[in-house]
Amino acid sequence: MKNLVIKKEKRLGSNNRINILGANIDVLSNKDTISLVEKYVITKTPLHLMGVNADKINALNNNKLLREIVNKCGIINADGASVILASKFLKKPLPERVAGIDLMQDLVALSAKKNYSIFLLGAKKDVVETTAKVLKNKYDKLNVVGIHDGYFKEKDWDKIADLLLRKAPDFVFVGITSPIKEYLIEHLQNKGLNSVFMGVGGSFDVISGKISRAPRWMQKANLEWLFRVSCEPKRLFKRYFLGNTEFIKNVIKEKSKKLG
């Protein structure tokens, strides 16, 4: 990724932007985000719609390239309860968590209503195919211009770019592991794509029914992370328990610096 060119994106909003532990975050609600994203679609302005949580903030502080990519994005949301709590503790409160899966589905609903086109990129072939079917069944007017699984090599990135240039989708939802996802989106944008790119983590798995989402009461109680760990303890224990511990320690250290 040494030759990856990082281009700062145009910001169409006049909203405030704060910084928590080196990560820029926009002071936006979910509703504000949707309205602002639509401006990018209407004006054909390239956008990497970014969501950051504690894990992403930990990662960008150990990865200079990832930090550059995250902090130059046109819209950066707080996608994590721990980030919201940290913002309040540091006296620069954010309005609410903008959960990636909820934002994605809101943007899909907007696309069906306004006839914006979408492309689904990522996950296993059967998962992304099922995701497309589920979304089309839910929104009969939804214009899905293409799908592609996430199992390809870096040498195939130009082929993906050519495919997207032909399809010219308004939205590209990317379900690929970080930080490869962020590197790929930057590469695609450098090829001249004016789409709104959004990394959606494991959203395709949830929408397709492959994995379950936490019950509503756990989502409201900011315990969705605990549900995910209980479902995949081997994979997620280190990320959530050790990662959140590191994040909390760094937040407290940041607070101490300001008081000192």
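The values are calculated or read from the model by the stated rules, or taken from the named source; none is laboratory data. Keep in mind it's a predicted model, so treat the numbers as computed, not measured. Here the Cβ is made from the backbone with ideal geometry for all residues, glycine too, and neighbour counts use every protein chain on show. Heavy atoms of the whole protein, side chains included, go into the accessibility calculation; ligands, DNA and RNA do not. Shrake-Rupley method; radii C 1.70, N 1.55, O 1.52, S 1.80 Å.
For the reader, a short list of remarks on this structure follows.
- Of the residues 126, 158, the one with the largest accessible area comes first in the ranking 126, 158, computed with a 1.4 Å probe on protein heavy atoms.
- Distance-filtered residues of segment 15-37 - backbone nitrogen under 20 Å, label point 7 angstrom along residue 216 Cα→Cβ: 30-31
- Structure-derived log10 I(q)/I(0) by the Debye sum over Cα atoms at q = 0.09, 0.13, 0.15 Å⁻¹: which label, when the choices are (1) -0.61, -0.91, -1.08; (2) -0.39, -0.84, -1.15; (3) -0.49, -0.84, -1.04: (2)
- Accessible-area order (highest first, 1.4 angstrom probe) of the listed residues 101, 75: 101, 75
- Three-way shape call for segment 153-199 based on the alpha-carbon gyration tensor, with the a/c threshold at 1.5: oblate
- Nearest-ten-degree value, helix 100-114 long axis tilted from longest Cα axis of the chain: 40
- For the residues 48, 148, a 1.4 Å probe over the protein chains yields an accessible-area ranking, largest first, of 148, 48.
- Anisotropy class of segment 108-207 from Cα gyration tensor, a/c 1.5 cut: oblate
- Cross-link pairs 220/258; 141/181; 44/159 - those with Cα-Cα distance over 26 Å: 220/258; 141/181
- Other-chain or far-sequence residues with amide H under 5 Å of residue 117's (modelled H): 170, 171
- Surface composition of the chain: carbon and sulfur atoms hold 52% of the protein heavy-atom accessible area at a 1.4 Å probe.
- Mean residue ellipticity at 222 nm, helices only, the chain: -15000 deg cm²/dmol; runs of at least 4 DSSP H residues each add -39,500 (n - 2.57), and the sum is divided by the number of residues.
- Computed with every protein chain present, the accessible area of residue 32 is close to 80 Å² [probe 1.4 Å].
- Mean-position separation - Cα centroids, segment 8-85 and segment 199-219, in angstrom: 21
- Judged by the gyration tensor of its Cα atoms, with axes a ≥ b ≥ c, segment 1-65 is oblate; a/c meets the 1.5 cut and b/c is at least as large as a/b.
- Computed label-point distance, nm, for sites residue 92 and residue 134 using a 7 Å Cα→Cβ extension: 3.6
- Compared with the dominant principal axis of the Cα atoms in the chain, helix 180-190 is inclined by about 60°.
- Using θ = phi - 60° in the Karplus curve 6.51 cos²θ - 1.76 cosθ + 1.60, the 3J(HN,Hα) couplings for segment 71-77 round to 6, 9, 5, x, 9, 10, 9 Hz; x is entered for Gly and Pro.
- Contact order for the chain, expressed relative to its length and based on alpha carbon pairs under 8 Å spaced 6+ residues apart, stands at 21 percent.
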